[in-house]
Amino acid sequence: GPQYEAWLGYHVALPEAKGATRTRTAAPLWSRHIDVKEQHLVIDTALTELKQGLGKLYGEQPVIRHSQTQSTDSDEQRKPSIRVGTWAGNNQVTSAFTEAERAAVQGEGFIIREHESLQEMVIGSETPQGVLYAVFHLLRELTLKQGKSEEAGPALDGVKPLFITEQPVNQLRMINQWDNVDGSIERGYAGRSIFYENGEFTQDLGRIRDYARLLASTGINAISINNVNVHKQESLFLTERYLGDVAKVAAEFRAYGIRLFLCANYASPIEVGGLQTADPLDDQVREWWNVQTAKVYAAIPDFGGYVIKADSENRPGPFTYNRDHADGANMLAEALRPFGGLVIWRCFVYDCKQDWRDRTTDRARAAYDHFKPLDGRFADNVILQIKNGPMDFQVREAVSPLFGAMENTNQVIEFQITQEYTGQQRHLAYLVPQWKEILDFDTYAKGKGSEIKRIADGSLFQRQYSGFAAVSNIGADASWTGHPLAQANLYGYGRLGWNPELSAEAIADEWVRLTFGHDEQVVERVTGMLLSSLDIYENYTAPLGVGWMVNPDHHYGPNVDGYEYSKWGTYHFADCHGIGVDRTVKSGTGYTSQYHAENAARYESLETCPDELILFFHHVPYTHVLHSGKTVIQHIYDTHFEGAAQAEALLETWRELEGKVDPVIFNKVATLQEEQADHAKEWRDMINTYFYRKSGIQDEQARKIY
Ligand code: BDP
């Protein structure tokens, strides 16, 4: 059904009954034949996609014509057709472009050109992956064009031929599954795992293939398939016990140009190898990893490498042996190097058992304090994976100061698509605006214009490896994502990884049209809901960047003091005088000094610190006046009343779309928006009451606070 097809339904713009000029029959002439010369797994996938997609768009599937030889048919004899191939594999594709045009795209980049006569279309790339991305891109353009050409008149008259050149900006565009082999998913809000059940790999490889397809259509090219918290059973993924299964899954992803990675347990030599130690400088340990890694590559020749969470939240790591993380990562890098594999080493390292002992134990400081001194010591096939913020995927927090701090180290940025702290796919929260804001943040690492996106894409420091990683939000739910509109986050992540310059608005518009078609009311309302959703969520939850205030453990729903007196280091420090975390150099934890001078100064000073982060950086009285002109306490009251009202309005907006979107999706979203509207009131009341009682200050508008 539509919720399963997600954005790959390839809707036609108008039903045949509605207009004489715009029906399925308005197929471009070239869409009758596909000409191909190459035999390649990924090209085959591209052909299947193209055939099915064009078939859905225009009602008739094209005929695929294979010619193994470098055919000498004249152009005229072949037309009308779409030619598909790589520079090395198809001379007729190659000759359709000038050398300069071809040189402008590399690797996974591609060119698409429609001939003036509209009798011919050519798709070319250096690689089969590029061809696949081109096919998905073309199908998307054709689908979107159908909606837009409504104003432009009948399909073929006066339509400009397509000419598209695309090059992915980020090299690694990765998804992290947090799935466990028992079938559960850590922080999963969309049902059970599609990969595993009851300690075994699933038999349903078809669903995995469908997932690979969704991912590839947005440009994803890498995936790790097990939880970063690797338990004993998943440690065995590297062994004969499971390697055959892993290889089968790798094959599904391979067909879509996606490389498979595994999360590995740092203590594997002990857990599965029977050794006494996992010391990275121990010869036996090193040999164990070498041998085991060779076995992995024997089963999966294009295996991507290991993702590692070490010395964090009770996971083992090199600290046990008084080694640092460079020692730890480099040992694995050595085992992977002969095969071209990568170590993706996570920087989410902090001591979760500490209290706030003194100013240096601020959790926000931890990643920088651990990793900054190691800059330059990591092997060239090690990549550090850094969460977007220094805490943990809050609705609002500062950006991680590690971006821009390690010039001599490969880095990827880690986002969280799964909505752990942003309503768990029961509340609507379109995250792309947040990611955009982070990517556009200027670190000043090399002066003005040193945005995070230029660090993530490797260009600022000329790094060999770089890119994006993100925690997936999918499961066995019929819509993949629990909340059907949360698909927009998965889609948006992929699109942004391909091109961070795309706007949140453009991505939302694309996603809505691809998913629901081109009805203008639907497009406008759903896009509006998406684009306002994160601000709404922020309004009724933890205020002004202070974060948390969720129920411990599961992180859903309000609990102002849930973490306040625990060891996890996630505090708001509210008392009867004020609230917020003093992270200044002058009187606080000194965290602000981890940024380059411009940002450090901006955050250090109350005068220049932006309102939305004021409680992340400063402890202030409730009567402190924000740049907005409001006091902190009045801001809290106002945003919480407003947020709850806005959540109610989301529900109303959605209800107007009854009969205009698929009924299954309609009902599912309606139920979820009801929950959100109710739950937002609970948030409002808890937060407002708490701060009313703490501060004793009345709401200026004397609204009812419970
Ligand atoms: C936190 C999650 C926890 C993860 C951890 C991580 O609460 O379940 O294991 O991040 O990223 O957000 O390792």
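Computing FRET efficiency as 1/(1 + (r/R0)^6) for residue 353 and residue 689, where r is the C-beta to C-beta distance and R0 is 41 Å, gives about 0.80. A simple charge model with +1 on the Cβ of Lys and Arg, -1 on the Cβ of Asp and Glu and nothing else charged puts the dipole of the chain at about 620 debye relative to its Cα centre.
Once the convex hull of all Cα atoms in region 473-573 is built, its volume per residue stands at 142 Å³.
Full extension of the chain between residue 459 and residue 241 gives 74.4 nm of extra length, using 0.36 nm per residue less the Cα-Cα distance.
Our analysis of region 334-400 gives Rg over Rh at 1.06, with the two radii drawn from alpha carbon positions and Rh computed by the Kirkwood formula. Helical content of the chain, expressed as a calculated mean residue ellipticity at 222 nm, amounts to -11500 deg cm²/dmol (DSSP H runs of 4 or more residues, -39,500 (n - 2.57) each, divided by residue number, nearest 500).
Counting other Cβ atoms within 10 Å, which chymotrypsin sites (Phe, Trp or Tyr not before Pro) in region 529-597 have at most 13 and lie in a DSSP loop? For chymotrypsin sites (Phe, Trp or Tyr not before Pro) across region 529-597 that sit outside H, G, I, E and B with at most 13 neighbouring Cβ atoms in 10 Å, the list reads 565. Projecting the Cα atoms of 285, 297, 322 onto the charge dipole of region 278-328 (Cβ charges, centred on the Cα centre) puts 297 farthest toward the positive pole.
Around residue 324, what is the net charge, scoring Lys/Arg as +1 and Asp/Glu as -1 over all other residues with Cβ under 14 Å from its Cβ? Taking every other residue near residue 324 into account, the sum is -2.
In loop segments of region 648-699 as defined by DSSP, the trypsin sites (Lys or Arg not before Pro) with at most 15 further C-beta atoms inside 10 Å of their C-beta are 660. Working from label points 7 Å from Cα in the Cα-to-Cβ sense, the residue 567 to residue 290 distance is 3.9 nm. Roughly speaking, to the nearest percent, how much of region 563-634's 1.4 Å accessible area is carbon and sulfur? Heavy-atom surface of region 563-634 belonging to carbon and sulfur, 1.4 Å probe: 61 percent. Taking Lys and Arg as +1 and Asp and Glu as -1, the other residues whose beta-carbon sits under 11 Å from that of residue 340 total +1.
With a simple spin-label model that places each label point 7 Å from the Cα along the Cα-to-Cβ direction, the separation between residue 608 and residue 298 comes to 6.0 nm. Apolar share of the accessible surface for region 415-473: 41 percent from carbon plus sulfur atoms, 1.4 Å probe.
The GluC sites (Glu not before Pro) of region 485-589 meeting both criteria, a DSSP state outside H, G, I, E and B (loop) and at most 12 other C-beta atoms within 10 angstrom of the site's C-beta, are 501.
Ranked by the mean number of other Cβ atoms within 10 Å per residue, highest first, peptides 629-641, 126-138 order as 126-138, 629-641.
Other residues within the sphere of radius under 15 Å centred on the Cβ of residue 679, judged by their own Cβ, net out at -4 (K and R +1, D and E -1). Beta bridges from DSSP with both residues in the chain: antiparallel share about 25 percent, rounded to the nearest 5.
Full extension of the segment from residue 162 to residue 652, taken as 0.36 nm per residue of separation minus the current Cα-Cα distance, would add 172.4 nm. For the set 248/295; 436/681; 232/353, the pairs lying more than 19 angstrom apart at their alpha carbons are 436/681; 232/353.
On the principal axes of its alpha carbon atoms, the chain extends 83, 67, 52 Å, with the longest extent given first.
Label sites at residue 320 and residue 87, each approximated as a point 7 angstrom past Cα along Cα to Cβ, lie 4.9 nm apart.
The values are calculated or read from the model by the stated rules, or taken from the named source; none is laboratory data. For clarity, every value in this text was computed on a predicted model and none was experimentally measured. No Cβ is skipped: glycine too gets one built from the backbone with ideal geometry, and neighbour counts run over all protein chains shown. Remember, those area values only see protein heavy atoms, side chains included, never the ligands or the DNA or RNA. Shrake-Rupley method; radii C 1.70, N 1.55, O 1.52, S 1.80 Å.
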